[in-house]
Amino acid sequence: QVQLVESGGGLVQPGGSLRLSCVASGRFVVINDMGWYRQAPGKQRDLVATITSGGTTNYADSIKGRFTISRDNAKNTIYLQMNSLKPEDTAVYYCNAYGNRGWGFTFNSWGQGTQVTVSL
């Protein structure tokens with residue numbers, strides 16, 4: 001599987017901004033789609049945003065207009081720029097990567113997560 005490492009989380013006041021990064025590494029794999037998911041205490045893990053290798057993006061309604069996902073294929077890295085943060089955005093944010101291992105096999109990998117806390 002691909003190894004994913006997230007960074008950039010932290011404590012921020014409402015209305016503030018954070019930029020998350022996720023670096024993917026692995027041999028003999030082709031990464032197709034990557035994305036960000038989040039899980040708040042007592043809640044399910046939900047989609048935040050996804051991006052294909054071609055740059056097509058998809059966002060959850062709850063964060064549209066506030067968050068932006070981007071990708072640097074040369075670095076196997078995705079980013080999540082989070083602006084106008086709200087307390088409801090508090091969660092552990094996970095990076096996800098989906099792709100091919102060859103011969104019809106696929107993989108679906110998750111990072112360890114990075115904590116984002118929005119509070120006064």
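The values are calculated or read from the model by the stated rules, or taken from the named source; none is laboratory data. The shown structure was predicted, so the numbers you read here are calculated from the model rather than taken from an experiment. Cβ: placed from backbone, ideal geometry, glycine included. Neighbour counts: every protein chain shown. When the accessible area is computed, the model is the full protein with side chains, heavy atoms only, and any ligands, DNA or RNA have been set aside. Shrake-Rupley method; radii C 1.70, N 1.55, O 1.52, S 1.80 Å.
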| request: Within the range 4-41, count every residue that is surrounded by fewer than 16 Cβ atoms within 10 Å (Cβ to Cβ) and either at pLDDT 95 or above or of a type in the set (Lys, Arg) (or both). | output: 13
| message | Can you tell me which residue is farthest from the chain's Cα centre (by Cα) among those in the range 88-120 that are open to solvent by 40 Å² or more (accessible area, probe 1.4 Å) and more than 19 Å from ARG45 (Cβ to Cβ)? | response | TRP103
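Kindly evaluate SER119 against the criterion of being of a type outside the set (A, V, I, L, M, F, W, C) and within 25 Å of GLN1 (Cβ to Cβ). Full working, then the answer.
Numbers: of a type outside the set (A, V, I, L, M, F, W, C): yes; within 25 Å of GLN1 (Cβ to Cβ): no.
Spelling it out, it is not the case that SER119 is of a type outside the set (A, V, I, L, M, F, W, C) and within 25 Å of GLN1 (Cβ to Cβ).
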